[in-house]
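Note sheet for the following structure.
The values are calculated or read from the model by the stated rules, or taken from the named source; none is laboratory data. This structure is a prediction, so every number in the text was calculated from the model and none was measured. We place every Cβ from the backbone using ideal geometry, glycine too, and count neighbours over all the protein chains shown.
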Amino acid sequence: MEMINIIIDNKPVKAEKGQTILKIAREIGIDIPTLCYYELDGVNLENRPGGCRVCVVEIEGRRNLAPACATEVTEGMVIHTHSLRVVNARRTVVELILSDHPADCLVCSKSGKCELQTLAQRLGIRDIPFQGAKSTYRKDMSPAIIRDIDKCIMCRRCETVCNVWQTVGALSAINRGFEAVVATAYEQDLVKSPCTYCGQCIAACPVGALSEVDQTRQVITAISDPKKTVVVQTAPAVRVALGEEFGMEPGSIVTGKMAAALRAIGFDYVFDTDFAADLTIMEEGTELLDRIARFTKGDKTVKLPILTSCCPGWVNFFEYNYPDMLDVPSTAKSPQQMFGAVAKNYWTKKLGISREDMVVVSIMPCVAKKFECQRDEFKVDGNPDVDFALTTRELAELVRQFNIDFASLEEEDFDQPLGESTGAGVIFGATGGVIEAATRTAYELFTGKTLEKVDFKELRGLEGIRSATVDFDGTPINIGIAHGLANARQLLDSVRAGKTNFHAIEVMACPGGCIGGAGQPFHQGNFDIIRKRYDAIYREDAGKPIRKSHENPYIQALYKEWLGEPCGELSHHLLHTHYFDKSKHIEIEG
Amino acid sequence: MAKLKLSEDKINKIKEICASFGNKPSEAINVLHKVQGEFGYLPAEVQEVIAQEIHVSAAHLYGIVTFYSFFTMTPKGEHPISVCMGTACYVRGAEKVLDEFKRELKIAVGETTPDGKFSLNCLRCVGACGLAPVVLIGDKVYGRLTPDGVKDIINEYRS
Ligand code: SF4
Ligand code: SF4
Ligand code: SF4
Ligand code: FES
Ligand code: FES
């Protein structure tokens with residue numbers, strides 16, 4: 001590593017050659033504002049179009065100001081990050097952006113968290129001098145995502161995320177000049193594109209041009225209806241992130257406060273998706289062992305590896321891109337949908353009410369879950385198993401609307417029986433967690449022995465693609481893990497080519513898994529926040545008295561009383577699903 | 001599964017062109033150029049086939065098609081009208097002439113009339129500056145045009 005000398009804001013600094021001015025400034029605590037630049041360092045994702053010019057700095061001896069995010073330092077460089085010239089130029093740049101931007105801040109979903117708004121405030125802009133024509137586009141409403149492209153500032157972060165991190169390619173910059181925006185092919189609605197609804201474009205968008213469909217109103221209406229029994233379930237990743245919305249440290253575990261807040265809001269039963277995660281493991285683990293057994297016996301109809309199917313972004317992705325492999329993923333429904341099926345088929349009977357009188361709400365770190373719960377195969381006569389999927393951010397919104405002082409809430413427990421879960425259910429929220437949970441159970445079912453240690457450290461970590469071999473008492477089981485759909489594609493392509501010998505592969509669409517889901521509090525590119533949530537998930541797991549799904553007493557009772565056996569007849573009917581070919585086919589006319 | 005319809009001949013022709021450029025993503029512009037030369041325009045179905053063949057997303061390809069004004073997604077009319085917007089023509093009132101064409105045909109630049117008769121486009125200097133403002137209809141050149149003359153010219157082709 002070659003070090004060079006530069007001077008930045010009158011401070012002599014030793015800098016690594018080839019680094020950008022922006023990185024060096026940030027390292028020494030000089031905050032150069034940015035807008036189009038976006039980085040998720042933990043997963044090597046960078047958007048650096050150098051286009052917005054908000055980050056310009058003055059370099060002595062150069063006639064033009066230079067964008068700090070795209071300019072590398074050279075020996076002897078003298079840089080001013082906030083000279084009068086820079087401040088004026090930056091101001092003009094932001095004023096120009098604002099001149100083609102709707103002033104919707106009062107009612108914008110991003111208000112208070114919008115990077116453009118923050119920037120305008122930071123630069124003290126009080127009016128917009130260049131009032132001119134504004135470009136207008138139609139709003140695109142999909143089941144999960146709203147694109148309000150009038151607000152687009154062409155930073156192209158979403159395009160980079162969708163193309164590089166997800167390799168979905170739903171979005172691209174189109175047109176030129178004043179007309180330029182990011183859009184889908186032929187400017188069709190998102191529903192007609194290969195979008196997976198992972199929502200990572202929302203997480204990356206600095207403004208309110210992309211947002212999730214807000215369903216808090218419908219949920220409040222359901223709660224206010226005395227005829228409805230409203231049941232809520234909370235996904236594992238929510239409890240390690242929700243606190244951030246209320247000023248708590250990233251990585252704070254707020255399970256008990258969350259349960260208390262949900263009760264205060266007025267939900268009739270506060271249950272846990274983690275319970276359904278344990279149920280998923282029973283079904284998926286059994287399916288895995290069954291496939292391995294039949295495969296070793298030479299049954300040609302069974303496919304290995306089994307792919308996890310709890311991430312709806314991932315499910316959408318393989319339906320679009322791997323139509324030839326639809327029999328490879330596990331048929332087990334996701335925990336959200338298993339919960340819905342249990343609530344509307346079992347809990348309704350216990351309460352003696354009809355499924356129409358029960359409303360199931362889920363709190364999810366995820367945008368794709370909004371799409372998942374609206375899929376036709378998860379409805380009975382038009383009535384969905386899960387009525388509404390709110391994001392972590394929407395729950396925070398509800399907490400604020402109900403004037404609940406979250407940080408000082410007394411901790412409470414979930415209701416029973418659908419609120420009891422194990423450590424295995426908790427780790428569903430992080431990359432590697434689903435397969436570790438499955439391994440804990442599959443090992444004991446396969447070997448008939450008790451695990452000495454339940455922690456499978458070899459399956460953990462945040463690298464994009466990981467693999468490990470777990471010894472099932474003499475039988476080696478090969479496991480692959482990917483987070484991010486580009487990484488998943490890489491693994492799947494080698495499976496398709498017959499170049500791997502995996503027994504099982506876990507995929508999650510979001511960086512770090514659901515903890516980095518698009519419905520979580522905005523991290524604005526700070527990957528440390530995701531790392532802290534990751535650690536918190538495994539702390540929560542370690543603190544649980546029971547850490548294997550099959551030891552969850554309420555799960556055992558559910559099978560005994562109602563379901564019978566894992567992968568039995570009732571399970572197949574209620575807890576398993578099938579997949580569809582959503583790829584584009586060019587047909588010959590005539 | 002979403003279905004798109006295209007004749008076998010067309011599909012084969014597109015595939016042939018893509019293959020002649022090695023099915024490379026980096027050749028997108030050249031492929032589009034050649035295909036448009038073949039079919040006259042680039043409808044969505046055609047772009048879908050190209051996208052699949054050269055391994056780029058349909059959105060990316062559409063981004064290229066909309067970035068360069070040379071590419072068009074609508075078929076040219078029976079009588080393609082091109083208004084020169086070069087400097088000489090522009091200062092001599094080409095814009096007013098263009099506006100008159102738009103009004104008379106009820107279409108915008110880049111569009112084709114519903115009956116398929118006329119399409120409207122702009123060009124840069126066609127090298128006949130002495131005749132500015134200049135309009136081409138098919139291969140025929142019309143010079144020193146005023147907005148008032150537009151209607152008559154269109155009527156020549158209407159019958
Ligand atoms: S939701 Fe995901 S797949 Fe869809 S456009 Fe956004 S980043 Fe792309
Ligand atoms: S939609 Fe948002 S992320 Fe995408 S280019 Fe526009 S402002 Fe940037
Ligand atoms: S990784 Fe989790 S949060 Fe992201 S799309 Fe999949 S299920 Fe949703
Ligand atoms: S942040 Fe550097 S050019 Fe946009
Ligand atoms: S500018 Fe129109 S012909 Fe030269």
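If you check residue B:53 against the conditions, is it crowded, with 18+ Cβ neighbours inside 10 Å and in the same structural domain as residue B:16 (by TED's automatic domain parsing)? Step through it out loud before you land on a result.
Values: crowded, with 18+ Cβ neighbours inside 10 Å: yes; in the same structural domain as residue B:16 (by TED's automatic domain parsing): yes.
Yes, satisfied.
I need the full set of residues from segment A:170-189 which are away from ligand 2 (no atom under 14 Å from the Cβ) and at the interface with chain B (Cβ under 7 Å from one of its Cβ atoms), in order please.
Of everything in segment A:170-189, those that are away from ligand 2 (no atom under 14 Å from the Cβ) and at the interface with chain B (Cβ under 7 Å from one of its Cβ atoms) turn out to be A:176, A:185, A:186.
Which condition breaks for residue B:45 when tested against (1) in the same structural domain as residue B:27 (by TED's automatic domain parsing); (2) part of a strand (DSSP E or B); (3) not small (Gly, Ala, Ser)?
Every condition holds for residue B:45 apart from (2).
Before we move on, is residue A:116 away from chain B (no Cβ under 14 Å), within 16 Å of ligand 3 (Cβ to nearest atom) and surrounded by 21 or more Cβ atoms within 10 Å (Cβ to Cβ)? Before the answer, list the steps.
Numbers: away from chain B (no Cβ under 14 Å): yes; within 16 Å of ligand 3 (Cβ to nearest atom): no; surrounded by 21 or more Cβ atoms within 10 Å (Cβ to Cβ): yes.
It is false that residue A:116 is away from chain B (no Cβ under 14 Å), within 16 Å of ligand 3 (Cβ to nearest atom) and surrounded by 21 or more Cβ atoms within 10 Å (Cβ to Cβ).
Name, by its number, the condition in (1) β-branched (Val, Ile, Thr); (2) in contact with a strand residue (DSSP E or B) (Cβ under 9 Å, 6 or more places away or on another chain); (3) within 14 Å of chain B (Cβ to nearest Cβ) that does not hold for residue A:219.
In the conditions (1) β-branched (Val, Ile, Thr); (2) in contact with a strand residue (DSSP E or B) (Cβ under 9 Å, 6 or more places away or on another chain); (3) within 14 Å of chain B (Cβ to nearest Cβ), residue A:219 misses (3) alone.
Which one of A:29, A:18, A:61, A:42 is under 31 Å from the mean Cα position of the chain (by Cα) and surrounded by fewer than 17 Cβ atoms within 10 Å (Cβ to Cβ)? First the steps, then the outcome.
Working: A:18 fails: under 31 Å from the mean Cα position of the chain (by Cα); A:61 fails: under 31 Å from the mean Cα position of the chain (by Cα); A:42 fails: surrounded by fewer than 17 Cβ atoms within 10 Å (Cβ to Cβ).
The conditions single out A:29.
Name the residues in segment A:488-524 that are surrounded by fewer than 24 Cβ atoms within 10 Å (Cβ to Cβ) and more than 29 Å from residue A:38 (Cβ to Cβ), would you?
Within segment A:488-524, A:494, A:495, A:496, A:497, A:498, A:499, A:500, A:501, A:502, A:503 qualify.
If we scan segment B:32-40, do we find a residue that is within 30 Å of residue A:322 (Cβ to Cβ) and either within 14 Å of chain A (Cβ to nearest Cβ) or buried (at least 18 other Cβ atoms within 10 Å of the Cβ) (or both)? Even if it seems obvious, please write down each step before you answer.
Start the filter on segment B:32-40 by keeping residues that are within 30 Å of residue A:322 (Cβ to Cβ), which leaves B:32, B:35.
Still in the running and either within 14 Å of chain A (Cβ to nearest Cβ) or buried (at least 18 other Cβ atoms within 10 Å of the Cβ) (or both): B:32, B:35.
Yes, the conditions are met somewhere in segment B:32-40.
Within segment A:191-212, can you find the residues that are under 14 Å from residue B:62 (Cβ atoms) and either surrounded by fewer than 22 Cβ atoms within 10 Å (Cβ to Cβ) or within 15 Å of ligand 2 (Cβ to nearest atom) (or both)?
As a first pass, look at segment A:191-212 and keep what is under 14 Å from residue B:62 (Cβ atoms): A:192-194.
Within segment A:191-212, A:192, A:193 qualify.
Please enumerate the residues belonging to segment A:126-170 that are in contact (Cβ under 8 Å) with a residue 40 or more places away in the chain, of a type in the set (Ser, Thr, Tyr) and closer than 17 Å to residue A:186 by Cα.
A:137, A:142
Would you mind stating whether residue A:546 is within 14 Å of another protein chain (Cβ to nearest Cβ), on the phi < 0 side of the Ramachandran plot and of a type in the set (Val, Ile, Thr)?
Working: within 14 Å of another protein chain (Cβ to nearest Cβ): no; on the phi < 0 side of the Ramachandran plot: yes; of a type in the set (Val, Ile, Thr): yes.
No.
Suppose we filter A:103, A:68 for residues that are modelled with pLDDT of 95 or more and small (Gly, Ala, Ser); which single one remains? Break it down stepwise before answering.
Numbers: A:103 fails: modelled with pLDDT of 95 or more.
Only one candidate qualifies: A:68.
If you check every pair at least six apart or on different chains, which have Cβ atoms under 7 Å apart with a residue in segment B:124-139 that is in the same structural domain as residue B:87 (by TED's automatic domain parsing) and within 20 Å of residue B:69 (Cα to Cα) first and a residue that is within 16 Å of ligand 4 (Cβ to nearest atom) and not polar (S, T, N, Q) second?
The qualifying pairs do not exist here.
With respect to residue A:581, determine if the residue is closer than 30 Å to residue B:7 by Cα and either of a type outside the set (Lys, Arg) or within 14 Å of chain B (Cβ to nearest Cβ) (or both). Even if it seems obvious, please write down each step before you answer.
Details: closer than 30 Å to residue B:7 by Cα: yes; either of a type outside the set (Lys, Arg) or within 14 Å of chain B (Cβ to nearest Cβ) (or both): yes.
So residue A:581 fits the description; yes.
Taking segment B:58-89 as the region of interest, how many residues are crowded, with 16+ Cβ neighbours inside 10 Å and either hydroxyl-bearing (Ser, Thr, Tyr) or within 16 Å of ligand 4 (Cβ to nearest atom) (or both)?
Number satisfying all stated conditions: 4.
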